[in-house]
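One structure is given below, encoded as structure tokens.
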Amino acid sequence: MNLQQEVINWWHTGRNYQQGIMLFARISKNKVLIHFFMKKHEKYGRSKLEYELPKAVGLDRKKMPGVKEPIINSQFPNKTPISKSKNQQTKKEELPKPENRKSEPETLNLKPETKNTEQDRSKEYPKVIRRLKYEYSDLYNQRSVLHKRMRSVPETNPPENMNKRALLFVDIEKLTDRMEFLYSFIETWEKTGIEPIEEEIWPVKKEDELPDNLDELKKIKKNLQSSNTKDRNLLQFQQKSKAAKNNPMPAGPKRKRVEFRIKKREEEIERIEQKLVELENAG
């Protein structure tokens, strides 16, 4: 199925907003628009999506079913279009310039032109701001990789491809939320000069205290081991119990999440075992 047909099918089958965003992310390389759609609530992003999605595959939005009048829209949908009379020719310098939307993380200049410039500027930043900018830049790069993976998923729609897109979309949203969070502190510092409190951005996670009861500790350890066994089966057989034939979970975000869960449980099991040794020797 070609991309035009996919857009036409989407148009005729309810125009689900989230599915439309994923379809647009596969078709378009415009990261600003992709981010705009993901950030905006359906109420404010739908008309723009219904305009840009057909346009991205060469369809005439005005000729799509159910369209009473064309939507003339700029990149930022709250702008009022400028009309021209027959005898008036708008000069290039009179056209409205796009707003420098500092609320959009994409506009943040984190990548200087030269290495020396970066080193000079970094010396001027407080330590907490340097850390914020470094993490933001790292997340930006991670998200770019995910967008590239999203576009590499085949255009056909078997469950496997749809699942891959859905998982990538969730990961992209998580990165975007974190970037928005970090950017708010950078923006406040740029406007006011007030440095944020590090603990507010990167709270120190305190480990839960383990009980002093041997039986209770052993029970917790057994539950963690049981959960790890199920997750290892998921990795090997794609189900929680063993199967007669191996069916490994393919590499990707879902596998990484399962592997991460196993790793965290193993760390907790190691902590419990250390506590057990301490209690047993204390007696």
Proxy reagent accessibility, fewest Cβ within 10 Å first, across M162, M22, M38: M162, M38, M22
Computed label-point distance, nm, for sites Y134 and K31 using a 7 Å Cα→Cβ extension: 2.1 nm
Of K55/K164; K48/K164; K148/K242, pairs whose Cα-Cα distance is over 31 Å: K148/K242
Added length on full extension, which subtracts the Cα-Cα distance from 0.36 nm per residue, K62 to K218: 49.4 nm
FRET E, pair V170, W202, Förster distance 25 Å, beta-carbon r, rounded to 0.05: 0.65
Fewest-first sequence of F260, F169, F37, F24 by Cβ atoms within 10 Å of each Cβ: F260, F169, F24, F37
Paramagnetic label zone (point 7 Å from Cα along Cα-to-C-beta, S227; backbone N under 14 Å) in segment 239-283: 258-272
Computed label-point distance, nm, for sites L279 and K55 using a 7 Å Cα→Cβ extension: 6.5 nm
Inter-centroid distance (Cα atoms) of segment 128-172 relative to segment 19-37, Å: 12 Å
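Here, each number is a calculation from the coordinates, and none is a lab measurement. Nothing here was measured: the structure is a model prediction, and the numbers come from that model. With ideal geometry, Cβ positions are generated from the backbone for all residues, glycine too; neighbour counts draw on all protein chains shown.
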